[in-house]
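Peer 1: Okay, handing you the structure first.
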Amino acid sequence: MSDRYRILLVLNGAGLLISAVVTGWLYMFMLLGQIVLWPVVPAIDVQIPGEARAWNMAHLEGITNGLMLLGFAAVAPLLVLTDRQIKWFFWSALVTAWMFTLPALANALAGTRGLAFGGGPFPGGWVNNAIYLSGWPPVIAVHITFALLAWGAWQKLKETKV
C-alpha cells in the first residue's frame, strides 16, 4: 500500500477521533442538561435530544472506527494485495468507518435506532428509515475490508520464511 493511502487512512482515523471528542462533549452536555465548563464558561442550560445509550454508542463508534483506520495504516506493510485489492480495501475501510459512525450520531440526535426499516420494536419514521438504508453500504464494505485484510495477511505469511 502506498504511503499516500496510509496517510489518508491516518487522516481519516484522526477525523473520526476528533468526531468522537465532539460527540463526547455533546454526550456529557446531554447528560448534564447544561454546558458546564467552569471556570472558563458559566453553566448554560441546554436541551440536547437523545438518550444516554445512543450518545454512548455515537461516541464509541468514532473512537472504535478511528482506531481501526489507524490500525489498518499501521499493518499495511504486512499485507500483500494487488493494486485493485488495495483500492477496494482502502475505500471499503473508509465506507465502513464513516458510515457506521455518522448514522450513530444521527440516531443519537433523532432518538432512533436505524436497525430495521419501519423501526421494528423501536421508534420508526423517515429518519429511522434513512439511517437504516444508509447502513447497507457499510454492512457490505465491512465484509470486503476484513476479507481483504485476512487475505493480504495470509499472502504475506505464505511468502515469509521461518
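Only the coordinates and a few stated rules stand behind these numbers; no lab work does. Everything numeric in this text was worked out from a predicted model, so none of it was measured. Backbone-built Cβ (ideal geometry, glycine too); neighbour counts: all protein chains shown.
Peer 1: Compute the FRET efficiency between residue 117 and residue 147 as 1/(1 + (r/R0)^6), taking r as their Cβ-Cβ distance and R0 = 25 Å, and round to the nearest 0.05.
Peer 2: Approximately 0.40, to the nearest 0.05.
Peer 1: Something else about it: What whole number of Å gives the distance from the Cα centroid of region 142-162 to the Cα centroid of region 54-73?
Peer 2: The distance from the Cα centre of region 54-73 to that of region 142-162 comes to 23 Å.
Peer 1: For region 91-162, state which trypsin sites (Lys or Arg not before Pro) are in a DSSP loop and have at most 10 other beta carbons lying within 10 Å of their beta carbon.
Peer 2: Listed in order of number, the matching sites are 161.
Peer 1: Projecting each Cα onto the charge dipole of region 3-159 (Lys/Arg +1, Asp/Glu -1 at the beta carbon, about the Cα centre), which of 72, 29, 105 comes out farthest on the positive side?
Peer 2: Result: 72, furthest along the dipole toward the positive end.
Peer 1: Using only the Cα atoms of region 3-159, what are the Rg and Dmax in Å?
Peer 2: Cα only, region 3-159: 18.4, 61 Å (Rg, Dmax).
Peer 1: For region 105-113, take each phi angle, set θ = phi - 60°, evaluate the Karplus expression 6.51 cos²θ - 1.76 cosθ + 1.60, and give the result in whole Hz per residue in order, putting x for glycine and proline.
Peer 2: 5, 4, 4, 4, 5, 8, x, 10, 10
Peer 1: Dipole of the chain, Cα-centred, from +1 at each Lys and Arg C-beta and -1 at each Asp and Glu C-beta, to the nearest 20 debye?
Peer 2: 560
Peer 1: Taking Cα pairs under 8 Å and at least six residues apart, what relative contact order does region 21-123 come out at, in percent?
Peer 2: 29
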